[in-house]
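Take a look at the structure below.
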Amino acid sequence: MNLEQVDLNLLVYLDVLLREQSVTRSAEQLGITQPAMSNGLKRLRDLFNDPLLIRSSSGMTPTERALELAPRVREALSAVTEILEPKQDFRPLTSKRVFRIMSSDYAEATLMPALVKALRSEAPDVVLDFLTPSDVSVQDIEQGKVDLAINRFNEIPQSFHQITLWSDSFSCLVNRSNPIANRFNLKTYIESRHIWVSKTGMGIGFGMNPERGGLGQIDAALERIGQKRHIAIYTRHYQMPALVAHKTDLIATLPSRIARLQGDHPQLLVKDPPFFIPEFELKMAWGPILQHSPAHRWLRHLILYVARQINEQERRDEEGRQWSPRRRKAIDRE
């Protein structure tokens, strides 16, 4: 059948006829004459090669084919109506939308608490559903089943949109009673045992194999200077290293924001790595299907605003650490 030769208004006629099961009432509903409605029914019967509505003692009864068509016609007309209706603005204060966000453990610890706080005032009924990288595939984001992915990615499909939320460096967590705490250098770092923690990309992981390589930025930085660390524990959770590091002589090398969050423990010290590790970027990525959605655009802007606020607070805190009274005395002595 050539769709160009079909009068799509007939689908509107069919929807009303199947709902009213009366030519007279259907004509009244559409504001047309009864003969015009009868002519529409005749054309529909020819189009579908089926009587569609049959006269009976109780009125007009839909055929089996008509009952099969009814929900599909209604769904098609609903989709067309949605396309033609003017786009409505997203109203966060009254919205009850659920946003699904794939988020790394790092992003959940550093970004999400501030985001949730902002949502409570701006969109109190909006629901956030956080998923781990292993829960989500590239196709889930591409098809709009997952709204956003927030992580540090090895690669992102070219069709995806992305924006950098911030950059972060690396720091080391060391137990205060660790013998190397006061002589923390490359030699003592290499001689120690370490906790490896990372989870990038999307999709299920199958565990680590140290012989395969590909352990991430820290080990790549060591390899560039001809060194290799001894990894005793592999984990995908940034909360675990502090729990282990303050009980053992292990070293945890973590993103600096995480290290500072966990470094408040009285038994832990935060140290700069004794070798150069390039910074990494935390990115927000989303598929093309949601690019122009008002609700999605609102959420992206809110997350970007929250990230900038966190960055600004980090900058002020860093300035405060640099110019603390203890630091001022040290500079005066110099």
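The values are calculated or read from the model by the stated rules, or taken from the named source; none is laboratory data. This one's a predicted model, so the numbers in the text were calculated from it and none came from an experiment. All Cβ positions, even for glycine, are placed from backbone atoms using ideal geometry, and neighbour counts span all protein chains on display.
Filtering 91, 120, 100 for residues that are buried (at least 16 other Cβ atoms within 10 Å of the Cβ) and basic (Lys, Arg) leaves a single hit, 100. Among all residues of region 310-323, there is none that is more than 23 Å from the chain's Cα centre (by Cα) and closer than 20 Å to residue 196 by Cα. Note on region 132-164: residues that are hydroxyl-bearing (Ser, Thr, Tyr) and closer than 14 Å to residue 288 by Cβ amount to 1. At least 1 residues being modelled with pLDDT of 95 or more is the threshold, and among the helices (runs of 4 or more DSSP H) wholly inside region 82-173 those reaching it are 112-122. The residues on offer are 285, 221, 295, and the sole one that is under 20 Å from residue 108 (Cβ atoms), in contact (Cβ under 8 Å) with a residue 40 or more places away in the chain and crowded, with 16+ Cβ neighbours inside 10 Å is 285.
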